[in-house]
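Chemist: What follows is a structure written as structure tokens; I'll ask about it next.
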Amino acid sequence: MGTKKTIKMRQMSDNQKGIIRKVSATGNMGRRIREMGLVPDTPIQIRGRAPLKDPVAVKIRDYVLTLRNNEASNILVEVDEPE
Amino acid sequence: MKKKFTIALSGNPNAGKTTVFNAMTGARQEIANYPGVTVEKKVGKVAHKGYEIEVVDLPGTYSLTAYSLEEIVARNFLVNERPDLVVDIVDASNLDRNLYLAVQFRELGIPLVIALNMVDVAESRGIIVDHKQLSELLDVPVIPMVARSNKGIRELLDKVVEVAGDGDEQWSPAVISYGMDIDRSLDEIEEIIRESTIFDPKYPSRWRALKCLEGDKQIVDLLKRDPEAGEQIDTICRRIFRHIMNTLEDEPEGIIADHRYGFIAGITKKAIRRKIESRINVSDKIDKVLTNRVIGPVIMLAILYAIYEFTFWASEVPVRWCEAFFEGLGWVISSVLPEGYMQSLIVSGIIDGVGGVLGFVPLIMFMFFAIAIMEDAGYMARVAYMLDRVLRWFGLHGNSVMALIISGGISGGCAVPGVMAARTLRDPKERIATLLVVPFMNCGAKLPIYAVLIAAFFSAHKARMLFILTILSWAFALFAAKIIRSTVLTGPKTPFVMELPPYRMPTLRGLLIHTWERTWQYVKKAGTVILGISIILWGMMTFPEISTEKQRSFEDNRRKITKSFLASPDVRGMLKDEKALTDLNELFDSYDKAMDEKDMAAVKDLEKKPLFPLVKAAVFLEKGDFAKNKLTSAQLNAAARYINFKSDMIDTDMSEQQARLKGTMAGWIGQKLETVTRPLGFDYRTNIALVGGFAAKEVVVSALGTAYSLGDVDPDDAGSLSKRLKKEPGWNPLLAFTLIIFTMLYVPCFVTVIMIRRESSWKWAGFSIGFNIIVAYVVALVIRQVGMLLGLGL
């Protein structure tokens, strides 16, 4: 078992899995992110990125959500540290 | 007497709400707008078990906050109109997120029935929902269904009647815990609200308290009606905000949302059974290819190109039928009505004007059909996803792409439904910027103008020219957006937090409804505005009429030409009088026609006529068709005279037509505009056509046709206009290209301006006219002047 570490969702690589630990966005963006189900303790997996590497597509709660990199910066995700 | 009640249909986008609505109400639906806003309101009726049920389709939303137009509309409808029941369509394959809205309905307390849709899709992904358990945990009836194949609709209606039929269902808000601190404040606020006599009892007090803690602007403002209580509540909210910020480093709103999802997780843990080895998700597989970073964009371009090809291929024949129909109609009316103003108004004014627009209905329809397939299959969201980064650079949003494509992004759409498609954009600034640039796209009405000018001056590169024009329209639209977003509409970019819905096979019914709704927008435009403007335009190009003296001088001139022709020694022997000349003209025309139609039997007949050698000689002189040896020199001389005579007559006719046009109101305007348009190379006739084009771009071709004295020009088959322009002095590829670009950019058509006003304000509608004219003028001027410098305009 590798150790755990918390990184920004933006820094995750394609197909990497993790669990959301904190959503630091507030206001309109925070509301939008949360109502789509990006709340703490939710497992996610990066599905891929658009041709220009932005936005990013995330598998969450049985569906696929897209968000821009600057939005993904507000979400902290716990991932397995690679060996 | 049937008993009546009202239900509201709600649900997340892509949960199948429209399918359920259509399955419930069939064709019995009406589309209106919610008062004061541009959100569409669909209302349908269904009779079930002796009840007449009115079904109101609420906008698809993920939540019930006060931060998007759709959500406010939905909420206001629920609270103010108090429907007897809400049916929440929940996607079983995506239960967590769909229940987020359902939980908010429970908080509001409105009578609720959950329609658990797409249970088949869920099962195929290994998700089994225990609907009885779900019903128990949420304390609402749950009806499993598959709306696409009509399964469960009857059961849903049974339940709706059972719950709402007696009409005295009480609101019963669910009490959910959001953590100790928030719960305590909720109780405090609730008590203050309950004690106040000023507040509207329509809103449940606990829900209202919750909205205060969430900082919901609409509800907080309402609370200011009771200043004392409002003040107390405000103090509590501030206190809890500080407290939560200090202890949890978050806003109360965030904590509340987290608890809602926590509540949902508790429910789904009990109600969902997952098969461990869930089958492969087809959507994921497709996305591996279609949104692949390298081949995704290539496939996207290929699909867009295929749609373009499909539209033109499929619509070719029906468009020809439509045109034949209007041509026939015009012909019938011409032969029934006596010649005069009435005939001219109906044939040249109304049928040509309205027919020109309606003739394109098949093309528009196939384009919308193809777009509906992309939308309903879920591909449009992928296009937005792939292009968001590019569009964002220009200050637009991934979702703007939809409006741009419908307006003519792949050539041949219509800006009217395009403007309406911009509604999917949440941010007002991004929406207005999109509205302002969609008129730059190559809509179906601009294509005939391009067709005429390309055929005349760039006939060797038809396809390439059209492709270049498509690229140019995108380029202009995007750069214009960039300019607008960095000057008059500055503001932050909005989030692109969006769902990529699973790919779905579109249903024919859904496609037809989508296609028809948009096509109808276009048809309505022809039936109303264009009808009126065609009549006005006809009047402006007809009145005031030419003075009798002037007309007499042209007639005198014609008589003189005829006389001198008949009197010339070469002709005298062959044509005795004017009667013989008329016969010759007729013979000449019939021969031309017979040759065009390759009707050899008719040609044989004509060859027997005594005057035929003259025709033969004239044809020989003009085209060199016959062998010379069989013609006498006398015949050739007479024929040469005849050719001269004909061209003199045409010149006179043309000068008369020009004098007529210059005298009319339209002619006056066109000439006045020459001061401004001279640097672009446009003369008064082009100006008339462009002014007419403000009504509808289709008018440009027919007005050019009239201005160039061709009588009626069919916008699609304007081969004669192409030929005419090619010969006209002053016309050259540079002028043609300048006019094409000017037409692409100058003013949105009248109906689009009205639509822009409806979707924004008069201010922006007016701005769009001014802005587009300036852009068009500057670009056209640069093209013209640079072209002249390069020596292209010679």
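The values are calculated or read from the model by the stated rules, or taken from the named source; none is laboratory data. All values derive from a computational prediction rather than experimental measurement. Cβ placement follows ideal geometry from the backbone for every residue including glycine, while neighbour counts extend to all protein chains displayed. Please note that ligands, DNA and RNA were not included when accessible areas were found on the heavy atoms of the full protein model with its side chains. Shrake-Rupley method; radii C 1.70, N 1.55, O 1.52, S 1.80 Å.
Chemist: Place +1 on the Cβ of every Lys and Arg and -1 on the Cβ of every Asp and Glu in the protein assembly as shown, take the dipole about the Cα centre, and give the residue among B:Leu690, B:Ile192, B:Phe369 whose Cα lies farthest towards its positive end.
Modeler: Result: B:Leu690, furthest along the dipole toward the positive end.
Chemist: Shifting gears a bit: Could you run the Debye sum over the Cα atoms of the stretch B:3-164, one equal point scatterer each and no solvent, and tell me log10 of I(q)/I(0) at q = 0.15, 0.20 Å⁻¹, two decimals?
Modeler: Debye intensities relative to I(0), on a log10 scale: -0.75, -1.39.
Chemist: Probe radius 1.4 Å, ligands and nucleic acids left out: can you give me the accessible area buried at the A-B interface, summed over both chains, in Å² to the nearest hundred? Show your work: numbers first, answer last.
Modeler: Working: alone 5370 and 37880 Å², together 39630 Å².
In total, this chain pair buries about 3600 Å².
Chemist: So if I place +1 on the C-beta of Lys and Arg and -1 on the C-beta of Asp and Glu, and nothing else carries charge, what would the dipole magnitude of the protein assembly as shown be about its Cα centre? I want it in debye, nearest 20. Let's see the in-between values first.
Modeler: Numbers: 110 positive and 101 negative charges, 403 e Å.
It comes to approximately 1940 debye.
Chemist: Here's something else I'd like to know. Using Cα pairs under 8 angstrom and six or more residues apart, how large is the relative contact order of the stretch B:554-615, in percent?
Modeler: Values: 21 pairs, mean separation 14.5, N = 62.
It comes to 23 percent, rounded to a whole number.
Chemist: State, as an integer percentage, the relative contact order of the stretch B:296-446 based on alpha-carbon contacts under 8 Å between residues 6 or more apart. Don't skip to the end; give the middle numbers.
Modeler: Values: 167 pairs, mean separation 31.2, N = 151.
RCO, the stretch B:296-446: 21 percent.
Chemist: If you don't mind, another one. For helix B:227-248, what angle does its Cα long axis make with the longest principal axis of chain B, in degrees from 0 to 90 and rounded to 10?
Modeler: The answer is roughly 80 degrees.
Chemist: Once the other residues with Cβ under 13 Å from the Cβ of B:Leu489 are scored (Lys, Arg +1; Asp, Glu -1), what is the net sum?
Modeler: Numbers: positive: B:Lys429, B:Arg431, B:Lys482, B:Arg485, B:Lys493, B:Lys763; negative: B:Asp427, B:Glu430.
Its environment carries a net charge of +4.
Chemist: Find the accessible area per residue for the stretch B:180-274; the probe is 1.4 Å, ligands and nucleic acids are left out, and the unit is Å².
Modeler: Details: 5070 Å² over 95 residues.
Value returned for the stretch B:180-274: 53 Å² of accessible area per residue.
Chemist: Shifting gears a bit: Treat every Asp and Glu Cβ in the stretch B:3-164 as -1 and every Lys and Arg Cβ as +1, leave all other atoms uncharged, and give the resulting dipole magnitude about the Cα centre to the nearest 20 debye.
Modeler: Details: 18 positive and 21 negative charges, 79 e Å.
With Lys and Arg at +1 and Asp and Glu at -1, about 380 debye.
Chemist: Accessible area per residue, 1.4 Å probe, Å², for the stretch A:39-83: what's the number? Walk me through the numbers before you get to the answer.
Modeler: On the way: 1530 Å² over 45 residues.
Spelled out: the 1.4 Å probe surface of the stretch A:39-83, per residue, equals 34 Å².
Chemist: What is the magnitude of the charge dipole of chain B about its Cα centre, with +1 placed on the Cβ of each Lys and Arg, -1 on the Cβ of each Asp and Glu, and no other charges, expressed in debye to the nearest 20? Don't skip to the end; give the middle numbers.
Modeler: On the way: 94 positive and 91 negative charges, 438 e Å.
I would put it at about 2100 debye.
Chemist: Right, next: Once Lys and Arg get +1 and Asp and Glu get -1 on their Cβ, which of B:Ile72, B:Ser124, B:Leu213 lies farthest toward the positive end of the dipole of the protein assembly as shown?
Modeler: Result: B:Ser124.
Chemist: Okay, moving on. With a 1.4 Å probe and every protein chain kept in, tell me what percent of the accessible surface of chain B is carbon plus sulfur.
Modeler: Numbers: 21390 of 36130 Å².
Taking all protein chains in place, chain B shows 59 percent carbon and sulfur surface.
Chemist: Based on the Cβ-Cβ distance of B:Lys646 and B:Asp583, what FRET efficiency does E = 1/(1 + (r/R0)^6) give at R0 = 22 Å, to the nearest 0.05?
Modeler: Values: r = 15 Å, r/R0 = 0.67.
After rounding to 0.05, the efficiency reads 0.90.
Chemist: Please determine, in degrees from 0 to 90 and to the nearest 10, the orientation of helix B:462-486 with respect to the longest principal axis defined by the Cα atoms of chain B, where the helix direction is its Cα long axis.
Modeler: On a 0 to 90 degree scale, this one is about 50.
Chemist: Something else now. Ignoring trypsin sites (Lys or Arg not before Pro) that are buried or in helix or strand per DSSP, and keeping those with at most 14 other beta carbon atoms within 10 Å, what is the longest stretch of chain B between them?
Modeler: Working: sites that count: B:Lys2, B:Arg28, B:Lys49, B:Lys202, B:Lys224, B:Arg225, B:Lys275, B:Arg279, B:Arg293, B:Lys576, B:Lys598, B:Lys608.
The reported range is B:294-575.
Chemist: Would you grab the residues whose amide H sits under 5 Å from the one on A:Lys22? Only those 5+ places off in sequence or on another chain, please, with H modelled 1.01 Å from N.
Modeler: A:Leu76
Chemist: What is chain B's relative contact order, in percent, from Cα pairs under 8 angstrom and six or more apart in sequence? Numbers along the way, then the final one.
Modeler: Numbers: 1095 pairs, mean separation 74.2, N = 794.
That works out to 9 percent.
Chemist: How much accessible area per residue does the stretch B:39-116 have, in Å², with a 1.4 Å probe?
Modeler: Details: 1600 Å² over 78 residues.
Result: 20 Å² per residue.
Chemist: Would you kindly work out the equivalent ellipsoid of the stretch B:83-225 from its C-alpha gyration tensor and give its semi-axes, the square roots of five times the eigenvalues, largest first in whole Å? Intermediate results must be reported in sequence, preceding the final value.
Modeler: Working: eigenvalues 215, 65, 28 Å².
Computed over the stretch B:83-225, the values are 33, 18, 12 Å.
Chemist: Follow-up. Relative to the first principal axis of the alpha-carbon coordinates of chain B, what is the inclination of helix B:733-745, with its axis defined by its Cα atoms, in degrees from 0 to 90 and to the nearest 10?
Modeler: Here the helix axis deviates by roughly 30 degrees.
Chemist: What value in Å³ per residue do you get for the convex hull of the alpha-carbon atoms in chain B?
Modeler: Residue-normalised Cα hull volume stands at 234 Å³.
Chemist: Work out Dmax and Rg for the stretch B:176-328 from the C-alpha atoms and quote the Rg first, both in angstrom.
Modeler: Over the stretch B:176-328's Cα set, Rg and Dmax evaluate to 28.2, 80 Å.
Chemist: Still on this structure: Do the sum for the protein assembly as shown: with -39,500 (n - 2.57) for every DSSP H run of n ≥ 4, divided by all residues, what is the mean residue ellipticity at 222 nm, to the nearest 500 deg cm²/dmol? Write down the numbers at each step before the final one.
Modeler: On the way: 39 runs with 513 residues, N = 877.
One gets -18500 deg cm²/dmol as the mean residue ellipticity at 222 nm.
Chemist: Another question about this same structure. Let me check I've understood the local charge: for B:Gly16, count other residues with C-beta under 14 angstrom from its C-beta, Lys and Arg +1, Asp and Glu -1. What total comes out?
Modeler: On the way: positive: B:Lys17, B:Arg148, B:Lys151, B:Arg504, B:Arg509; negative: B:Asp57, B:Asp88, B:Asp91, B:Asp120, B:Asp376, B:Glu499.
My count for the surroundings of B:Gly16 gives -1.
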